[in-house]
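No value in this document is a laboratory result; all are computed from the given coordinates. Since this is a predicted model, take the numbers as computed values, not measurements. Cβ placement follows ideal geometry from the backbone for every residue including glycine, while neighbour counts extend to all protein chains displayed.
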Amino acid sequence: MSTINKSATQLTAVVIANKRVGAYHQIIMSVGEVVKDCRPGNFIAISVGGDSSRMILRRAFAISRTSDSSQYGGTIELIVAPHGSGSKWLCEQAEGVELDVVTPLGTSFGIPTEPVNVLLIGGGYGSAPLFGLADVLKARGSRVDMLLGASTGAKIYAPMEGKRSVNSLTIITEDGSMGSTGRVTSTLDSIITDRSIDVIYSCGPMAMLKAITEIADSRQVIHQCAVEEAMACGIGICMTCVLPVRADDGSISMKRSCIDGPVMDGSTVCWDLVGKNPGEFA
Amino acid sequence: MSTVDLSTTLGNAWFPAPIFTASGCASSGKELAQFFPLKDIGAVVTKSVMTKPRHGRPTPRMAETPSGMLNSIGLQGPGIDSFLANDVPWLVAQGARVIVSIAGETADEYAVLARKIRATGGISAIEVNISCPNVENRGLVFATDCDTSARVIDSVRKIIGGEIPIIAKLTPDVTDITSVAKAVHDSGADAVALINTILGMVINIDSMRPHLGGKTGGLSGPAIRPVAVRAIYQVHSALPQLPILGMGGVATGRDALEMILAGASGVSVGTASFGNPTAAISVQRELGELLSARGFTSLRQAVGYAHRVESNEPERDSR
């Protein structure tokens, strides 16, 4: 057996709840035993549109939280923005609907063995996987601060119960409609100093991850980010979701964000080369 | 339901089952092994490999289209030496049959690749992907020209001919695919793989530029299946003795049966695996059921069955 996708299972999940939360949908589905293998950062690939759909590719979503104690057995929660035709379809699925899913996929966030000071940064619905991560980090004794940013307040995803999993929550929006005005990177440097941050975990748009990497690198703070690239398969066979990543020996190779990610060490990603012609890599 | 003999042959290679992966849609097998035993399908056709490691094209590399997708990967890969040292032994250890797909920029590069494959054990056949730009002829795709196609196959045949079957993978982006099939057959191809992707483009209406980093991409998925069935039917009709490995948008057993009836001896599942990691194994199971329901006792009886002459229809069970 292979070591790639080693916990991944294809199964029929059942929608337990689908609730609109601001600009997003909170979807909970039962997945059974496989929940035991799901870690913060892992994702799920869902078949969309039904059997006669013209959408042939699965849609990938970060797992927001997991629960193994509910009356439905193992459940996972997703936060979905109804943007494209696939996510819109998913957001329309009612309780009881069966979904063809493959999970868990991808790498997960590394959890420090010792209690440390961590900062979780989410852009838009990129905050989704961070609440489950916060629970795990808190349970290990870490101090967990969270910084959420978005273009506008309606795009901040910060549920009440999520706020309880963190020691502090700072919200910042570009239009100032919620929290302070600006971008997450405007206050990052001072937060690192004030809170003695050891590790940053981030999830959100690529431009945000790039900007965080620059600050984290200059402050020598470890930065684990969950990247977002268009995927066709989610299991490593299509080679579309690649990112240029630098190895220890300095060589650059195109890594698949589905199996070598989505969680990557931000300092190894060559952000400036994303979308560039790889033939020109030095 | 009676059991159908699903075994098949391509040239002198025998396969216990007729469903294969399609090159470029299964990487080199490790990723799919979690979902089904690779030895249960006919063979794993590995991603086309070149002599040197390649980064491929810039992202975005993918665009979903109605019932299909465009890809522009640019043959990212580890290079033949690493591939033969690491990936082939792993596949052989799984008990899988292996068909290695090769790609080159010159006829000589194909010969170099064939020489290395000849020196490696456990490979059932070689797929020669000639849908690549020919750097010696203004970047024109080899498979769009009979002479350059024949030259590549000839250079591979000189190295490996008679040892393992040579399967030439053809593009449907030509005026007459039967003439290209005839050219590669005459120069020593033991079988043809039909079809490669169809060249396409998507323009992003926000950036108002081509969406893919490589601008153009290969269209695959159910959208192209009728093109594949047509190509298989035409080539089988023109060259009934030339074995065909059919592919192009196969997602179910009925799709595979369509290609078998058109003249394919085996069928590859490609893009369907992106949407469903167990597609190949379910296509194979469904194909067996459909053949049985139609009274076939072996796959071989059904190959090219759509070409039969109506007035002289033989009894299937007595064939």
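Excluding A:Gln220 itself, what net charge comes from residues whose Cβ is under 15 Å from its Cβ, given Lys and Arg +1 and Asp and Glu -1? Each step should come with its number before you reach the end.
Details: positive: A:Arg219; negative: A:Asp189, A:Asp198, A:Glu214, A:Asp217, A:Asp265.
Local charge sum for A:Gln220: -4.
Grab the DSSP H runs of chain B that are 4 residues or longer, score each as -39,500 (n - 2.57), total them, divide by all residues and round the 222 nm result to the nearest 500 deg cm²/dmol. Intermediate results must be reported in sequence, preceding the final value.
Values: 9 runs with 90 residues, N = 319.
The helix contribution divided over chain B gives -8500 deg cm²/dmol.
If each residue's Cβ is checked for other Cβ atoms within 10 Å, how do A:Arg143, B:Arg254, A:Arg195, A:Arg39 rank with the fewest at the top?
Values: A:Arg143 18, B:Arg254 12, A:Arg195 15, A:Arg39 21.
So the ranking, lowest neighbour count to highest, is B:Arg254, A:Arg195, A:Arg143, A:Arg39.
By its C-alpha gyration tensor, with a ≥ b ≥ c as the square roots of the eigenvalues, how is the stretch B:71-118 shaped: rounded for a/c under 1.5, else prolate for a/b larger than b/c, else oblate? The partial results should precede the final answer.
Numbers: a/c = 2.17, a/b = 1.40, b/c = 1.55.
Oblate is the answer for the stretch B:71-118, as a/c is 1.5 or above yet b/c matches or exceeds a/b.
So, R0 is 60 Å and r is the distance between the beta-carbons of B:Arg118 and A:Val14; what FRET efficiency does that work out to, to 0.05? Before the final figure, lay out each step's value.
Details: r = 53 Å, r/R0 = 0.88.
Once the sixth-power term is evaluated, E becomes 0.70.
So, in the stretch B:8-318, how many Lys pairs have Cα atoms under 13 Å apart, if the pair is 8 or more places apart or on different chains?
Values: B:Lys30/B:Lys39; B:Lys30/B:Lys47; B:Lys47/B:Lys169; B:Lys52/B:Lys116; B:Lys169/B:Lys182.
Summing the qualifying lysine pairs gives 5.
Compute the signed sum of charges (Lys and Arg +1, Asp and Glu -1) over the other residues within less than 14 Å, Cβ to Cβ, of B:Ser237. Could the numbers behind the result be given before it?
Working: positive: B:Lys182, B:Arg230, B:Arg308; negative: B:Asp176.
Its environment carries a net charge of +2.
Show me the ranking of peptides B:10-19, B:261-270 by mean Cβ neighbours inside 10 Å, starting with the highest. Mind dumping the intermediate values first?
Values: B:10-19: 20.7, B:261-270: 27.8.
Ranked by mean Cβ neighbours within 10 Å, highest first: B:261-270, B:10-19.
Quick one: Cα centre-to-centre distance for the stretch A:13-27 and the stretch A:224-273, in angstrom?
Taking the Cα centre of each part, the stretch A:13-27 and the stretch A:224-273 sit 29 Å apart.
Near the amide H of B:Gln34, under 5 Å away, which other amide H atoms are found, from residues 5 or more places off or on another chain, if H is placed in the peptide plane?
A:Ser2
How large are Rg and Dmax for the stretch B:8-318 when only the alpha carbon atoms are used, in Å?
Taking only Cα atoms of the stretch B:8-318, I get Rg and Dmax of 18.4, 62 Å.
Under 12 Å from a point 7 Å along the Cα-to-Cβ line of B:Lys158: which residues of the stretch B:98-142 have their amide N that close?
B:107-112
Show the residues, 5+ positions off or on another chain, whose built amide H is closer than 5 Å to the amide H of A:Ser202.
Residues meeting the criterion, in which the H sits 1.01 Å from N, are A:Ile121, A:Gln224, A:Cys225, A:Ala226.
Apply the Karplus curve 6.51 cos²θ - 1.76 cosθ + 1.60, θ = phi - 60°, to the phi angles in the stretch A:245-261 and return the couplings in whole Hz, x for Gly and Pro.
For the stretch A:245-261, the Karplus-derived couplings read 10, 8, 8, 4, 7, x, 6, 10, 9, 8, 9, 7, 6, 7, 10, 8, x Hz, x marking Gly and Pro.
Could you please rank A:Glu174, B:Glu64, placing first whichever residue has the fewest other Cβ atoms within 10 Å of its Cβ?
Working: A:Glu174 14, B:Glu64 22.
With the fewest neighbours first, A:Glu174, B:Glu64 line up as A:Glu174, B:Glu64.
How well do other chains shield peptide B:49-55, expressed as the mean number of their Cβ atoms within 10 Å of each residue Cβ?
Values: counts 0, 0, 0, 0, 2, 3, 11.
Counting Cβ atoms of other protein chains within 10 Å of each residue's Cβ and averaging gives 2.
Give the average, rounded to an integer, of partner chain Cβ atoms located within 10 angstrom of each Cβ in A:53-60. Before the final figure, lay out the partial values.
Details: counts 3, 8, 5, 17, 8, 4, 1, 0.
Counting other chains' Cβ atoms within 10 Å and averaging over A:53-60 gives 6.
I need the phi-derived Karplus couplings for the stretch B:30-44: 6.51 cos²θ - 1.76 cosθ + 1.60, θ = phi - 60°, integer Hz, Gly and Pro marked x.
4, 5, 8, 4, 5, 9, 7, x, 4, 6, 6, 9, x, 6, 9
Mind sorting B:Tyr305, B:Tyr233 by how few other Cβ atoms lie within 10 Å of their own Cβ, fewest first? Let's see the in-between values first.
Working: B:Tyr305 18, B:Tyr233 22.
The most exposed by this proxy come first: B:Tyr305, B:Tyr233.
Rg and Dmax of the protein assembly as shown, using alpha carbons, in Å: what are they?
Calculated on Cα positions, Rg and Dmax stand at 25.7, 89 Å.
Could you work out the relative contact order of the stretch A:117-276, using alpha carbon pairs under 8 angstrom and six or more residues apart, expressed as a whole percent? Numbers along the way, then the final one.
Numbers: 307 pairs, mean separation 29.7, N = 160.
Rounded, it is 19 percent for the stretch A:117-276.
How big is the gap, in Å, between the Cα center of the stretch B:262-284 and the Cα center of the stretch B:130-204?
With the stretch B:262-284 and the stretch B:130-204 each reduced to a Cα centre, they are spaced 22 Å.
When DSSP assigns beta bridges and you keep just the ones with both residues in the protein assembly as shown, what percent turn out antiparallel, to the nearest 5? Spell out each step's value before the answer.
Details: 58 of 107 bridges.
Given both bridge residues lie in the protein assembly as shown, the antiparallel proportion sits at roughly 55 percent.
Report Rg(Cα)/(2.2 N^0.38 Å) for the stretch A:9-105, keeping two decimals. Each step should come with its number before you reach the end.
Working: Rg = 12.3 Å, N = 97, 2.2 N^0.38 = 12.5 Å.
Against the compact-globule rule of thumb, the ratio is 0.98.
Give me the net charge for the shell around B:Ile160: Cβ to Cβ below 13 angstrom, other residues only, Lys and Arg +1, Asp and Glu -1.
On the way: positive: B:Arg115, B:Lys116, B:Arg118, B:Arg157, B:Lys158; negative: B:Glu127, B:Asp154, B:Glu163, B:Asp190.
Taking every Cβ under 13 Å from that of B:Ile160, the sum is +1.
Determine the calculated [θ] at 222 nm for chain A from helices alone, applying -39500 (n - 2.57) to every DSSP H run no shorter than 4 residues and normalising by the residue count; nearest 500 deg cm²/dmol. Present the calculation step by step, with values, prior to reporting the outcome.
Values: 5 runs with 47 residues, N = 282.
Taking each H run of at least 4 residues, the total per residue is -5000 deg cm²/dmol.
Give the long-range amide H neighbours of B:Asn134: residues separated by 5 or more places, or on another chain, with amide H under 5 Å away, using H modelled in the peptide plane at 1.01 Å from N.
B:Gly139, B:Leu140, B:Val141, B:Phe142
Quick one: what are the phi-derived ³J(HN,Hα) couplings along the stretch A:216-223, Karplus 6.51/-1.76/1.60 with θ = phi - 60°, whole Hz, x for glycine and proline?
Karplus values, whole Hz, x for Gly and Pro: 4, 5, 5, 9, 6, 9, 5, 10.
Pairs of Cα atoms under 8 Å, at least six residues apart: use those to get the relative contact order of chain B, whole percent. Mind showing how you got there, number by number?
On the way: 750 pairs, mean separation 64.0, N = 319.
Relative contact order, chain B: 20 percent.
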